[in-house]
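Take a look at the structure set out below.
The values are calculated or read from the model by the stated rules, or taken from the named source; none is laboratory data. All figures in this text were calculated on a predicted structure; none of them were measured in a lab. Note that each Cβ is placed from the backbone with ideal geometry, even for glycine, and that neighbours are counted across all protein chains shown. Calculation scope for accessible area: heavy atoms of the full protein, side chains included, ligands and nucleic acids excluded. Shrake-Rupley method; radii C 1.70, N 1.55, O 1.52, S 1.80 Å.
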Amino acid sequence: MSDSYCRLVVPRDNLTAQYLQKYLAQSDRIKVQSLGNPMMDDLEPTGVLSFLANYKPAKFIAVLPGSRTPEVHSNWTQLLVVAQEVSSSFIHDKLVFLVPLVPSLEPGPFMETLLEAHWQPHLLSLHAYNAGQSVSAWAYDIRILQGPLLENHRIWPANNGAALVAFEKENAVFVLIRGNFNDVADWAVAGIAMAGTATEQLVGQGKPVFTIPGRGPQFTAAFAEAQSRLLGESIILNANAKDLANSMKDVMSKVDRLAHIASNGCRRMGQRGASKRISQELCRLMTTQD
């Protein structure tokens, strides 16, 4: 950053920018600009999950198991235990767990784990009565799916549109969704995560995210601890599923703390539009003579 060839330093968040502007040499501080984090761009919801209005006043919780195999399946097993504990803690509430799976992941293995944990098929209604509209999506009733489909793990239809499958147990519903993270983040009031980028994007939208360490290789105890330091009070790191459920019950009941978490998330991750601001500044620098 102090090299004479370096003309611009764009930190990922304003707190880092302030730190650099304080501790870099006087001649180098002018290079530092807080232009935002491109990670927060293009996160506008599409409305494809508008049918979730049918479940209000349920609490919508994003569940983020990651995207890398085989770790994602190990994380998923842990997150199901977490979801059961959370459901028990919120026994008087309806919970809807929203799981945006990256499109490259077929839902078969996730469905099998749900069935093994005694979650039952749940048929979604894709007409949002409260919103007065229907969505273009494919919802499976797995009661009519044949064994070979699950065995081959080829469940999603060939097109790239929204596809969903749901399960229920007691006071909770799990909805597996192909992609559509933007819409999940928009509906969620909180997240349960063992992921990297998606966790940060959820935090940037002002949502509290509750995490537990996994077996790795990515989401280890060290990674989770570093993530919590990076994102501050927006990440609530817990030792196990029961601790996480207790933490969520406590945090979600405190309006003031949720307001602080929302403010912290925006401050840590910045506002949308960073890609445009950074590109404009690069163009300005390239056309400016020293």
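Quick notes
- Checked against the criterion of being over 22 Å from GLY265 (Cβ atoms) and in contact with a Cys (Cβ under 7 Å, 6 or more places away or on another chain), segment 40-61 contains not a single residue that satisfies it.
- Subset of segment 38-75 [of a type outside the set (Val, Ile, Thr), open to solvent by less than 10 Å² (accessible area, probe 1.4 Å) and closer than 17 Å to THR197 by Cα]: MET40, LEU43, ALA62, LEU64, PRO65, ASN75
- Of all residues in segment 263-284, those satisfying the criterion of being under 20 Å from the mean Cα position of the chain (by Cα) and open to solvent by 80 Å² or more (accessible area, probe 1.4 Å) are ARG267, GLN271, ARG272.
- Residues of segment 76-129 satisfying the condition of being open to solvent by 10 Å² or more (accessible area, probe 1.4 Å), in a helix (DSSP H, G or I) and within 14 Å of VAL165 (Cα to Cα): PRO109, GLU112, THR113, LEU115
- A single member of PRO70, PRO38, PRO45 is within 14 Å of the chain's Cα centre (by Cα) and more than 17 Å from ALA224 (Cβ to Cβ), and it is PRO45.
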